[in-house]
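See below for the structure under consideration.
The values are calculated or read from the model by the stated rules, or taken from the named source; none is laboratory data. Every value quoted in this text rests on a predicted model; they were computed, and no experiment measured them. When we count neighbours, we look across all protein chains shown, and the Cβ atoms used for this are built from the backbone with ideal geometry, even at glycine.
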Amino acid sequence: MTILQIAILTIVAIIIGQLHKGRLLALLAVSTFVVFWLQPAEPYPTLVYWLPLATLTIVVFSWALTSTSESRGWKQNWTAVAVMVGVALLMDLNHYFKLTQVFTADTPNLRYILIVIIAVVTITFSLVRWRRANHFWQFVAFIGIILIFIFLKSPALLQKAMNFVAAIRAGNAGDSSIPFAWLGFSYLAFRLLHTIRDRQTGRLPSVTLAEYVNYVLFFPSFTEGPIDRLERFIKELRAPLPLASEDWLDAGTRLFIGLFKKFVVADLLAVISISDVLVARVNSAGWLWLFLYAYTFRIYFDFSGYTDIAIGIGRLMGIRLPENFLSPYLKPNLTQFWNSWHITLTQWFRAYFFNPLTRALRSSKISIPVWIIILVTQISTMVLIGLWHGIAAGFVAWGLWHGLGLFVQNRWSDFVRPRLPAWTQTRGGQTALNLGGVFLTFNFVALGWLFFTLSTPAIAWRALLKLFGGA
């Protein structure tokens, strides 16, 4: 988002936060609008409309599959349907309004939109009414969301799909210089998978369509997180936190700090952050360390800055989003780092992958050594977190780097802890161990960013050798 867009959404958040009636529907209208408004340019112009509409469709279907009998009545939900349909039609009518500063004017024919909307409403009504097959469709939806995610994160698959579409359209090929991007799907997928899985296990609270869509598409956190949980979010959506004078100050301070982090510090550091070009041209280890540290802080200030912005805007509406960063670079070991870096993502993988996999391996009929269980679960979890950023060799290598690092730290801690000398129990000894741990952890994480940001593992390895005086 740009500073102007953030300023506009901040003003809107203040207005919504002051509403006593119609607050839920106002938030729904704004969040639905933002899905269209922030969608970036696409190779085919009409995709700028179709992709946000697909987002709304997937969210509505997911609600239909996870709703309970007490929350799916027409009287409870017709206003939410009207708001979402109204916003979708209004954005399509920009074909006539031509307010290109707000949204593209290359919208599809209104007849096609009406057909799609009628189909979506009909299917949703069917899913809500015929509940017997919902376990099957929940499974289908769960797998379908994962497959879409894999497709979107695979550059090779995306390119093949674009080439296929271009071949079909013949002379109407799209602009190949514009990348395909489905706004917010990375975070959308995690929220939807969370609600589907928790409905399957009976843990999901009952919510109306408006409440569900507001949770999934909550505009401050839609594109960059944090990944909230429905049961926590819905409490404050229904009973917003009060905004006393100190709360206004807290929200404003958080917002200002986020803007400064993202648009001042991170943007300045981007100028000297390590890149493929710098690795190829610079042979001085000292300069490469400087560029690597610049990127290390840049990614923190960029990401945590946006989190601060989201938390600040959410607080203006009486909703306190969960923290996502707690001084991660000051942690004395890798486990604490991952408990402080992108916290909501780590918690999601811990709840829905790491813990279930650990329980499955421990309860297996085959006796598996503890160290193998730790190795498998930590590496597989971190590789998946890497693949969440993109299906590429570099992200796999980054996941392996952290997975192996966590495993080694776990085994080393268990080995060393009972053998530490007495001086380490003193205040000075504890301080020395802590400082040493912070230094080692920070540099381990910094070196790992090489695999994350450079285009190939080969270039990352070359940079690693140069940093330590190699060829």
Checklist entry - Quick one: which helices (runs of 4 or more DSSP H) sit completely within region 38-120 and have at least 3 residues that are of a type in the set (A, V, I, L, M, F, W, C) and out of contact with any Lys or Arg (no Cβ under 6 Å at 6 or more places or on another chain)? => result 47-66, 74-92
Item to check | All positions within region 421-471 that are under 30 Å from Ala392 (Cα atoms) and polar (S, T, N, Q) | outcome: Thr441, Asn443, Thr453, Ser455, Thr456
Item to check | Unique residue being without any contact (Cβ under 8 Å) to a residue 40 or more places away in the chain and either in the same structural domain as Arg23 (by TED's automatic domain parsing) or over 24 Å from Ala189 (Cα atoms) (or both) when the list is Leu99, Leu53, Leu65 | outcome: Leu99
Next on the checklist: Can you say whether Trp37 is over 20 Å from the mean Cα position of the chain (by Cα) and not acidic (Asp, Glu), as far as the supplied structure shows?
Outcome noted: no
Checklist entry - Among (1) modelled with pLDDT of 95 or more; (2) within 23 Å of Leu450 (Cβ to Cβ); (3) of a type in the set (A, V, I, L, M), which single condition is Val376 missing? => result (2)
Checklist entry - How many residues are exposed (fewer than 14 other Cβ atoms within 10 Å of the Cβ) and at pLDDT below 95 when one looks only at region 436-454? => result 1
Checklist entry - If you check Leu450, Leu384, Leu465, Leu400, which single one turns out to be out of contact with any helix residue (DSSP H, G or I) (no Cβ under 8 Å at 6 or more places or on another chain) and of a type in the set (A, V, I, L, M, F, W, C)? => result Leu465
Checklist entry - Residue check: is Thr107 of a type in the set (Val, Ile, Thr), exposed (fewer than 14 other Cβ atoms within 10 Å of the Cβ) and either within 18 Å of Trp182 (Cβ to Cβ) or without any contact (Cβ under 8 Å) to a residue 12 or more places away in the chain (or both)? => result no
Checklist entry - Among the residues of region 375-398 satisfying the criterion of being free of Cβ contacts under 8 Å to residues at least 60 places away in the same chain and farther than 22 Å from Leu447 by Cβ, which is surrounded by the fewest Cβ atoms within 10 Å (Cβ to Cβ)? => result Val376
Checklist entry - Is it true that some residue in region 198-210 is assigned by TED's automatic domain parsing to the domain that holds Pro52, buried (at least 20 other Cβ atoms within 10 Å of the Cβ) and closer than 24 Å to Ser304 by Cα? => result no
Next on the checklist: Taking the condition of being out of contact with any Ser or Thr (no Cβ under 9 Å at 6 or more places or on another chain), among the β-branched types (Val, Ile, Thr) and modelled with pLDDT of 95 or more, how many residues in region 132-147 meet it?
Outcome noted: 2
Checklist entry - Does Lys153 satisfy being crowded, with 18+ Cβ neighbours inside 10 Å, closer than 22 Å to Phe185 by Cα and either under 30 Å from the mean Cα position of the chain (by Cα) or in contact (Cβ under 8 Å) with a residue 12 or more places away in the chain (or both)? => result yes
Next on the checklist: Among the residues of region 77-90, are any touching a residue at least 12 places away in the same chain (Cβ under 8 Å), of a type outside the set (D, E, K, R), in contact with a Leu (Cβ under 9 Å, 6 or more places away or on another chain) and over 15 Å from Val121 (Cβ atoms)?
Outcome noted: no
Checklist outcome for this item: If we keep only residues of region 211-265 that are within 28 Å of Ala189 (Cα to Cα) and of a type in the set (S, T, N, Q), then the residue surrounded by the fewest Cβ atoms within 10 Å (Cβ to Cβ) is Thr223
Item to check | Residue tally, condition outside any helix (DSSP H, G or I), over 17 Å from Phe444 (Cβ atoms) and not aliphatic (A, V, I, L, M), over region 311-347 | outcome: 6
Next on the checklist: Condition check: outside any helix (DSSP H, G or I) and loosely packed, with under 15 Cβ neighbours inside 10 Å. Does Gln5 satisfy that?
Outcome noted: no
Item to check | Failed item in (1) without any contact (Cβ under 8 Å) to a residue 12 or more places away in the chain; (2) buried (at least 18 other Cβ atoms within 10 Å of the Cβ), with Phe190 passing the rest | outcome: (1)
Next on the checklist: Condition first: over 20 Å from Gly405 (Cβ atoms) and surrounded by fewer than 16 Cβ atoms within 10 Å (Cβ to Cβ). Now tell me which residues in region 331-354 satisfy that.
Outcome noted: Ala351, Tyr352
Next on the checklist: Take the residues in region 297-330 that are buried (at least 22 other Cβ atoms within 10 Å of the Cβ) and of a type in the set (S, T, N, Q); name whichever of them is nearest to Ile459 (Cα to Cα).
Outcome noted: Ser304
